[in-house]
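The next block holds one structure in the form of structure tokens; read it before the comments.
The values are calculated or read from the model by the stated rules, or taken from the named source; none is laboratory data. Just so you know, these numbers come straight off a predicted model, no measurement behind them. Virtual Cβ from ideal backbone geometry, glycine too; neighbours counted across all protein chains shown. Side chains are part of the model used for accessible areas, which takes the heavy atoms of the whole protein and leaves out ligands, DNA and RNA. Shrake-Rupley method; radii C 1.70, N 1.55, O 1.52, S 1.80 Å.
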Amino acid sequence: MKIKSVSIGYVSIPLVTPFKTALRTVDSVQDLIVCVEAENGEIGFGEAPPTAVITGDTKESIEAAIRFYIAPAVCGMDLDDPEAIFAAMEKCIAKNTSAKAAVDIALYDLLAKLNRKPLFRLLGEQSGSSVRTELETDLTISVNEIDEMVRDSISAVNQGFRILKVKVGKGGEKDVARIREIRQAVGPDVLIRVDANQGWTREEAVRTITMMEDAGLQIELVEQPVSCHDFKGLKYVTDACETPILADESVFSVEDAERIIEEHAADYLNIKLMKTGGIHNALRICDLADQNGIRCMAGCMLESKVSVSAAAHLTGARSCITMADLDGPSLCSIDPYEGGPIFEGAKIILPDSLYGIGISKVPADFEVVASC
């Protein structure tokens, strides 16, 4: 069975509230959707968000990478040899991880559909892992003035979320005040994850995290406290703090993950498909984590249900992924898709009755960019 065509389209979905971090503010999801069609007419869907401040990928660069490089490279290739397809994707263009992820997800969706299995089952069988059909995600609390963050946190808890991922990184002592007020508002039973999005220097990170520890704020972890390139700074913070440190923007590749593990530059790894270039390389990072006993989080950029569903299937299939930050669909004001995992507040349910990632209809006007 060969790849018959590759098509692209776009979706636009407004957010419930603006998404604010130390790096950016976004009001809506504006993502590219990929459709890969097999000779028998079966199709797979993938998705890529433009996240220039993190991946370096823009709407224009993602489309160009797929249109002029990736789609021509994989079109006509044999789906019975997926390793050759993924190798061709890696060889045809460097970087461009979001573009590669969109096509990679579509291919995995298609492969699982051709095998008449949900993707999490297919991935679980390939790795020999036990699978989970129900996951729990956190919910992101954007960085704002303290009163607004407290209101958003209370609202999240009232919606059934037991884990909050609170964005900080815009002022050390004020960040401590943000977490103190949120902890007081939600009580001791809610898990709080702190995400600085590279917003601190190494010294500021240690000082801020230590203040949180001394105040007894019960922080589960701190994510990416320093610049993504500052591996020494990341290790400095990890060594100096009792609170576990989660590496996010510092982990794009298998080589990044290997370096962080070897140097113990962080305690945990955040795997995001848009950083790894898709499921294929994410699985390699999972293998590395398994070999070294490292816990991982499955995260997402500002993505909608297509690519977040793929990340959820990966999470359900791999035991090293013990934490989920897959709240993209919860941040969207509408769900324009048909099918896929069921997102019910903090719960994500992976149905056994839906093949692939489960998405059956995407509201996009597709243009064929490669036909073979």
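Of all residues in the stretch 248-272, count the ones that are closer than 18 Å to L314 by Cβ and either over 18 Å from the mean Cα position of the chain (by Cα) or open to solvent by less than 10 Å² (accessible area, probe 1.4 Å) (or both).
Number of matching residues: 6.
Can you pull out the residues in the stretch 333-357 that are open to solvent by less than 10 Å² (accessible area, probe 1.4 Å), out of contact with any Asp or Glu (no Cβ under 8 Å at 6 or more places or on another chain) and either acidic (D, E) or within 25 Å of E63 (Cα to Cα) (or both)?
Of everything in the stretch 333-357, just one residue is open to solvent by less than 10 Å² (accessible area, probe 1.4 Å), out of contact with any Asp or Glu (no Cβ under 8 Å at 6 or more places or on another chain) and either acidic (D, E) or within 25 Å of E63 (Cα to Cα) (or both), namely G340.
Against the condition farther than 28 Å from R121 by Cα, open to solvent by less than 10 Å² (accessible area, probe 1.4 Å) and out of contact with any helix residue (DSSP H, G or I) (no Cβ under 6 Å at 6 or more places or on another chain), how does I245 come out, does it pass?
Working: farther than 28 Å from R121 by Cα: yes; open to solvent by less than 10 Å² (accessible area, probe 1.4 Å): yes; out of contact with any helix residue (DSSP H, G or I) (no Cβ under 6 Å at 6 or more places or on another chain): no.
Taking the combined requirement at face value, the residue does not satisfy it.
For the stretch 143-171, which residues satisfy the criterion of being free of Cβ contacts under 8 Å to residues at least 60 places away in the same chain and over 25 Å from V308 (Cα atoms)?
E145, I146, D147, E148, V150, R151, G171
Residue by residue through the stretch 26-42, note down the ones that are at pLDDT 95 or above and open to solvent by 50 Å² or more (accessible area, probe 1.4 Å).
E39, N40, E42
Taking the condition out of contact with any Pro (no Cβ under 8 Å at 6 or more places or on another chain), open to solvent by 20 Å² or more (accessible area, probe 1.4 Å), outside any helix (DSSP H, G or I) and charged (D, E, K, R), does D239 pass?
no
Restricting the stretch 123-142 to residues that are of a type in the set (A, V, I, L, M) and in contact (Cβ under 8 Å) with a residue 60 or more places away in the chain, which is most open to solvent (accessible area, probe 1.4 Å)? Give the derivation first.
The initial filter retains those residues of the stretch 123-142 that are of a type in the set (A, V, I, L, M), namely 123, 131, 135, 139, 141.
Within this subset, residues satisfying the condition of being in contact (Cβ under 8 Å) with a residue 60 or more places away in the chain are 123, 131, 135, 139.
Details: L123: 2, V131: 45, L135: 12, L139: 17 Å².
Out of the qualifying residues, it is V131.
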